[in-house]
Amino acid sequence: MRLAFALYKYFPFGGLARDFMRIAKICIGKGHSVDVYVMEWQGDLEAEFKVSILPSKGCSNHAKVADFHRQFTKNLKQEQYDVVIGFNKMPGLDVYYAADPCYLDRFTETSFLKKLNPRYRFYAEVEESVFGVSSGTVCLMISDVQTALFKKHYHTPTARLVALPPGIDLNRRKPPNAKQRREAFREELKLTENELLVLMVGTGFKTKGVDRAMEAIASLPETLQSKIHLMVVGVDDISSYERLAIEKGIAEKVHFMGGRPDVPDFLLAADLLVHPARKENTGTVILEAMVAGLPMLVTDVCGYAKHVSKSKAGEVLPSPFSQVLLNKALEKMLVSDKESWINNALEYAENEDLYSMPEKAVEAIEKVAESRLNVS
């Protein structure tokens, strides 16, 4: 099969980019050809498939996205692809990998006048082109919560919503030499075994709740605060967070590590994952922590928070969010014996399907191709 994959921006440390890459490589491994269309590509180009970078022009972000859609549609007309797969919402898709939350749901309380805004109208129309009842796009769903929201707003037929299991990289699983790797990496980070490492992973610090985690660190009693370090792995503008750390007196306790390829080592070296997100379609790092045997403290807005509750591998904070509850939960988890959380996490990782998303996504793509052949 000839496949066209499209996404706005490829960024090697992003969760969406990793999912795209794994799905694309499985397709190639099965003998399919893959052409990729992007507005921007960061990092090395892959030799296994052709990447077409379509620089987009416009005076606003949505205008640039609209220009990309026009260029992408033009390319599709010139090529004969069996299936067109999008990792962002755009018109003309046969398959959409639903990593982004429901746009329309964010504006349920918005006034009619605000909905006349060109940006709102553009993204609402794009989402309608994917999920609307007149669309034929098959949507690969990774969040039960978002599936319900799309059905609520667009009445999307159930047959077009394909539920996927999580797709955690097997290299995130706790290895036999985990103890040695933990010690070696903590030594590299200049941490003693008596110090506590609280980890955050993700791009988009406001969305992930980095400020919330910093407030919780600042609230800890001196006995804990003296030996704690918060390490944030991910990319964003850190200037306001550095100022907050200074303001709270924890500048020496908060470390912004940037985008890193060695997240598995951070997961093994850490004592606790904190993910107090404001919104989160899934929260892949939650399950990455689980399969590494790292206890988690997360908010219930995360799509994968249900796995934390089900496995009893950490604590889930209820909505509406309370900073006081986060502060108390962080202190409680840091002073508690973590053995039961660790054992529960590893048992859950052993018995649940947390890994097969890419394979199931490729099966769905091939099924769409077969159905199109049968129709023709």
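Computed from the coordinates by the stated procedures, all read-outs in this text should not be read as laboratory data. Bear in mind that the values here come from a model prediction, so they are computed numbers and not experimental data. Note that each Cβ is placed from the backbone with ideal geometry, even for glycine, and that neighbours are counted across all protein chains shown.
Annotations
- Selection of trypsin sites (Lys or Arg not before Pro), segment 187-220, meeting DSSP coil and at most 12 other Cβ within 10 Å: 190
- Among the trypsin sites (Lys or Arg not before Pro) within segment 1-98, those in coil by DSSP and having at most 15 neighbouring Cβ atoms inside 10 Å are 30, 57.
- For segment 219-235, Karplus couplings with θ = phi - 60° (6.51, -1.76, 1.60), whole Hz, Gly/Pro x: 7, 5, x, 4, 4, 8, 4, 5, 10, 9, 9, 9, 10, 10, 9, x, 10
- Residues whose amide H falls under 5 Å from that of residue 138, counting only those 5 or more places apart or on a different chain, are 95, 96, with hydrogens built in the peptide plane.
- In Hz, Karplus ³J(HN,Hα) per residue of segment 21-27 (6.51, -1.76, 1.60; θ = phi - 60°; x = Gly, Pro): 5, 5, 5, 4, 6, 5, 4
- Global form of the chain, assessed from the alpha-carbon gyration tensor, a/c cut-off 1.5: prolate
- Of all DSSP beta bridges in the chain, antiparallel share, percent nearest 5: 0
- Taking 305, 178, 349 in turn, the Gaussian network model of the chain (Cα-Cα springs below 10 Å) assigns the largest fluctuation to 178.
- Excluding exposed DSSP-loop GluC sites (Glu not before Pro) (at most 15 other C-beta within 10 Å), longest clean stretch of the chain: 253-376
- Residue with peak Gaussian network fluctuation, the chain [Cα springs, cutoff 10 Å], from 268, 196, 45: 45
- In this structure, the residue pairs whose Cα-Cα separation is over 26 Å, taken from 9/208; 30/310; 248/328; 30/208; 208/338; 190/279, are 30/310; 30/208; 190/279.
- Those aspartates and glutamates that a straight Cα-Cα span of less than 17 Å connects to residue 50, excepting residues fewer than 8 apart in one chain: 35, 40, 79, 82
- Table column - 3J(HN,Hα) (Hz), segment 73-79, Karplus curve with 6.51, -1.76, 1.60, x for Gly and Pro: 4, 4, 5, 4, 5, 7, 10
- Its alpha carbons give segment 170-351 an Rg and a Dmax of 15.0, 45 Å.
- For the options 106, 172, 119, a Gaussian network treatment of the chain with springs between C-alpha atoms closer than 10 Å singles out 106 as fluctuating the most.
- Note on residue 347 and residue 183: the model spin-label points, each 7 Å out from Cα along the C-beta direction, lie 2.8 nm apart.
- Sites matching chymotrypsin sites (Phe, Trp or Tyr not before Pro) across segment 80-142 that sit in DSSP coil, with at most 14 neighbouring C-beta atoms within 10 Å: 112
- Dipole in debye (nearest 20) - the chain, about Cα centre, beta carbon charges: Lys, Arg +1; Asp, Glu -1: 980
- In the chain, taking the dipole from charged Cβ atoms about the Cα centre, the farthest positive-side position among 263, 99, 123 is held by 123.
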